[in-house]
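Notes follow once the structure below has been shown.
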Amino acid sequence: MKSYLAELIGTFCLVLIGAGSIAIALPHFWISIAFGVIVTLMILCFGNISGAHINPAVSIGFFLFNREKKFLVYIPFQLIGGLLAGLVLLFFLPSNPTYGETMPTSGIWQTFLIEVFITFILMLSILLI
């Protein structure tokens with residue numbers, strides 16, 4: 001149960017800080033710093049408890065790579081953490097038009113392929129370290 005709670009809290013913090021930095025319109029440089037710092041902090045806090053996946057794509061990758069079903073059970077907790085963070089942003093920034101949402105500027109397929117590539121690089125760096 002401790003690992004599930006770690007995933008919920010880690011994802012909550014990632015979405016709150018990451019999407020929150022976008023929602024309050026920080027410059028791009030500081031948004032990237034916010035994401036990097038919160039991911040680092042969550043890995044330091046929860047890495048020894050759950051592995052600090054804090055992303056369903058990471059949990060799915062670990063499941064496919066290691067064939068351990070426990071990683072799939074993290075996903076509902078990650079989704080709940082992300083949803084709770086979204087609700088907190090909605091509460092504190094009630095008139096914000098995006099709440100940290102990013103809209104693609106390219107076509108849907110280009111955006112999809114870029115996301116697949118970025119996720120591939122993320123998973124490669126995580127699984128091979």
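Given Phe71, Phe65, Phe77, which one is within 24 Å of Phe117 (Cβ to Cβ), in contact with a Phe, Trp or Tyr (Cβ under 7 Å, 6 or more places away or on another chain) and in a helix (DSSP H, G or I)?
Numbers: Phe65 fails: in contact with a Phe, Trp or Tyr (Cβ under 7 Å, 6 or more places away or on another chain); Phe77 fails: within 24 Å of Phe117 (Cβ to Cβ).
Only one candidate passes the filter, namely Phe71.
Residues being open to solvent by 50 Å² or more (accessible area, probe 1.4 Å) and either hydrophobic (A, V, I, L, M, F, W, C) or within 14 Å of Leu8 (Cβ to Cβ) (or both): count how many of those fall in region 40-54. Reasoning before the result, please.
Step one: list which residues in region 40-54 are open to solvent by 50 Å² or more (accessible area, probe 1.4 Å), which gives 40-41, 43-45, 48-49.
Narrowing the set further to residues that are either hydrophobic (A, V, I, L, M, F, W, C) or within 14 Å of Leu8 (Cβ to Cβ) (or both) leaves 41, 43-45, 49.
Residues in region 40-54 being open to solvent by 50 Å² or more (accessible area, probe 1.4 Å) and either hydrophobic (A, V, I, L, M, F, W, C) or within 14 Å of Leu8 (Cβ to Cβ) (or both): 5 in total.
Identify all residues within region 102-128 that are part of a helix (DSSP H, G or I), under 19 Å from the mean Cα position of the chain (by Cα) and of a type in the set (A, V, I, L, M); write none if there are none. Quick ask: steps written out before the conclusion?
If we filter region 102-128 for residues that are part of a helix (DSSP H, G or I), which is where we start, we get 108-127.
After this cut, where a residue has to be under 19 Å from the mean Cα position of the chain (by Cα) as well, the list is 111-127.
Within region 102-128, Leu113, Ile114, Val116, Ile118, Ile121, Leu122, Met123, Leu124, Ile126, Leu127 qualify.
Which one of these is modelled with pLDDT of 85 or more, open to solvent by less than 80 Å² (accessible area, probe 1.4 Å) and under 26 Å from Leu26 (Cα atoms): Thr111, Thr98? Don't jump to the end; show me each part of the working.
On the way: Thr98 fails: modelled with pLDDT of 85 or more.
Residue meeting the stated conditions: Thr111.
Is there any pair with a first residue in region 33-46 that is closer than 17 Å to Val58 by Cα and free of Cβ contacts under 8 Å to residues at least 12 places away in the same chain and a second that is of a type in the set (Ser, Thr, Tyr) and open to solvent by 70 Å² or more (accessible area, probe 1.4 Å) whose Cβ atoms are under 6 Å apart and which are 6 or more apart or on different chains, and what are they?
Taking only residues 6 or more apart or on different chains, not a single pair turns up.
Can you name the residue in region 1-39 that is outside any helix (DSSP H, G or I) and more than 20 Å from Lys70 (Cβ to Cβ) and, of all such residues, is most open to solvent (accessible area, probe 1.4 Å)? Walk me through how you get there before you give the answer.
Keep residues of region 1-39 that are outside any helix (DSSP H, G or I), which gives 1, 24-27.
From what's left, more than 20 Å from Lys70 (Cβ to Cβ): 24-27.
Numbers: Ile24: 103, Ala25: 81, Leu26: 67, Pro27: 76 Å².
Once the filter is applied, the top-ranked residue is Ile24.
Among the candidates Phe120, Phe77, single out the residue that is farther than 17 Å from Leu14 by Cβ and surrounded by 12 or more Cβ atoms within 10 Å (Cβ to Cβ). It would help to see each step written out before you state the result.
Values: Phe77 fails: farther than 17 Å from Leu14 by Cβ.
When all the criteria are applied, what remains is Phe120.
The values are calculated or read from the model by the stated rules, or taken from the named source; none is laboratory data. Everything quoted here is computed from the prediction, not taken from an experiment. Cβ coordinates were reconstructed from backbone atoms using ideal geometry, including for glycine residues, and neighbour counts include every protein chain displayed. When the accessible area is computed, the model is the full protein with side chains, heavy atoms only, and any ligands, DNA or RNA have been set aside. Shrake-Rupley method; radii C 1.70, N 1.55, O 1.52, S 1.80 Å.
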